[in-house]
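The values are calculated or read from the model by the stated rules, or taken from the named source; none is laboratory data. Not measured: the values here are computed from a predicted model. Ligands, DNA and RNA are stripped out before the accessible areas are found, and what is left, the full protein with its side chains, is counted by its heavy atoms. Shrake-Rupley method; radii C 1.70, N 1.55, O 1.52, S 1.80 Å.
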Amino acid sequence: RELVACCRKRGSHEERVLSSQALLAYLSAIFVALRAWGAKVPKDHDLPWWPEPPLLPASVTAPQGLQLPRRALTLNIMDGYETLRLAIRLTTLAFGSDVDFVSGEATSEASTGQFWEPTPVQEFAFSAHMGLFHTLRRADITERALRAGVVGVFQVATTLLTVRSSEGFIVSIGWPVRLIDLLVQRTQGEPMLLVPVARLCTEAVRNFIVEVSRVRAISHVDVWRYLLLLMLKSMPTPQRALWSGHGQSQREVETVQMQVWKRGIVWALGHPHLLDCLDVEDVAMDKGAEAGSAGSRSSEGSSAFWTWVLGEMNSLAAEIAGGASNRATISRFLLDGYGTLLLSVSRAPTPEEHTLLAAEGSPQPPSSPDPSPSGAAVPSPGPPVRS
């Protein structure tokens with residue numbers, strides 16, 4: 001509280017910069033404390049993926065181990081839950097205050113952090129990623145710590161990806177990818193890991209996409225790929241979890257399945273930023289073909305992405321139905337998803353319009369044209385149709 005109050009004071013530029021750096025150093029120390037109780041990992045494996053500009057300055061390095069003074073308040077690191085919850089709350093307080101930490105002026109969009117110094121924020125991004133990484137990889141992770149970890153990944157990611165300096169955004173759009181990949185990799189040996197938090201994963205992904213897309217473009221296909229994988233792996237299926245096949249429990253499971261399917265997977269696939277990413281991939285592939293170069297994974301075009309994701313959806317629908325023999329359930333899921341997706345893509349909505357889709361994640365049918373004075377319908381031009 002004293003650090004935040006110091007950052008709010010109207011002092012010299014140097015004083016406010018030093019105060020903000022001290023606050024971020026304190027937050028970094030809390031996140032790094034979560035690493036001390038985890039097993040060692042190969043070098044740099046717990047650091048964020050940074051695939052695009054802004055490039056990291058040479059001065060940014062991996063955070064060092066936490067050195068706590070003797071009289072410091074001891075942290076509860078039993079399962080990481082209390083420490084992680086404290087770190088997330090302080091992060092929200094630090095970046096979400098209504099006063100800019102450097103200019104000292106009130107702003108209605110403090111979360112964008114237009115005047116933050118890049119290096120302290122990037123060092124904090126490293127520390128936060130490291131703490132979340134070691135919490136999520138714990139073999140003895142509890143459900144409450146897993147829930148806090150999922151919330152922390154997307155809440156901290158949303159905060160960092162919307163923070164600005166005077167030169168633009170500070171943190172790369174790929175910051176959460178390795179954390180999501182860690183959860184996805186764990187489901188190979190623990191298929192039931194994400195099932196209890198399926199609804200939480202879906203809502204966290206939706207909120208992340210909505211909030212970040214308001215400020216900047218989610219412009220990397222691999223980010224979308226891992227967001228989709230998280231929801232795909234969290235879907236409740238008979239192979240991943242056991243429940244009574246009738247009664248209230250069956251209805252609750254079916255409700256969660258439809259939420260993950262329509263509000264999560266299908267909704268994300270129709271987002272304009274993803275479609276724009278795939279358009280860029282196609283352009284890159286065409287340029288590579290014209291130059292006679294062999295395309296890399298990043299320039300395979302949209303066909304490779306759609307082949308992958310539709311194959312995953314087919315496999316998931318069969319798993320939900322309990323096997324390929326239950327064709328009625330499989331067809332119901334796939335037709336519902338494909339119909340909603342095709343309608344969304346053909347209408348080409350803006351990110352704001354896509355956010356305001358129906359509660360179930362389906363776009364509303366276009367309204368009927370207004371009648372003319374003569375009673376004949378006047379055709380409206382309608383939204384642009386994406387090829």
Practice task
For Arg137, list long-range residues whose amide hydrogen, built 1.01 Å from N in the peptide plane, is under 5 Å from its own amide hydrogen.
Solution key: none
Handout entry: In Hz, Karplus ³J(HN,Hα) per residue of region 312-321 (6.51, -1.76, 1.60; θ = phi - 60°; x = Gly, Pro)
Key = 5, 5, 4, 5, 5, 4, 5, 5, 5, 6
Exercise for the section: Would you grab the residues whose amide H sits under 5 Å from the one on Trp49? Only those 5+ places off in sequence or on another chain, please, with H modelled 1.01 Å from N. Expected result: Val177, Arg178
Handout entry: Integer Hz, Karplus 6.51/-1.76/1.60 couplings in order for region 215-227, x for Gly and Pro
Key = 10, 8, 7, 7, 9, 10, 4, 5, 5, 5, 4, 6, 4
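Is region 231-273 best put as rounded, prolate or oblate by its Cα gyration tensor, with a ≥ b ≥ c the root eigenvalues, rounded for a/c under 1.5, and otherwise prolate when a/b is larger than b/c, oblate when not?
oblate
For region 122-181, what's the relative contact order in percent, using C-alpha pairs closer than 8 Å and at least 6 residues apart? Mind showing how you got there, number by number?
Values: 36 pairs, mean separation 22.5, N = 60.
Here the relative contact order equals 37 percent.
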Fill in the blank from the handout: Phi angles of region 170-182, converted by Karplus (6.51 cos²θ - 1.76 cosθ + 1.60, θ = phi - 60°) into ³J(HN,Hα) in whole Hz with x for Gly and Pro, give 9, 10, 5, 5, x, 3, x, 4, 5, 5, 5, 4, 4
Handout entry: Probe 1.4 Å, accessible area per residue of region 163-244, Å²
Key = 36 Å²
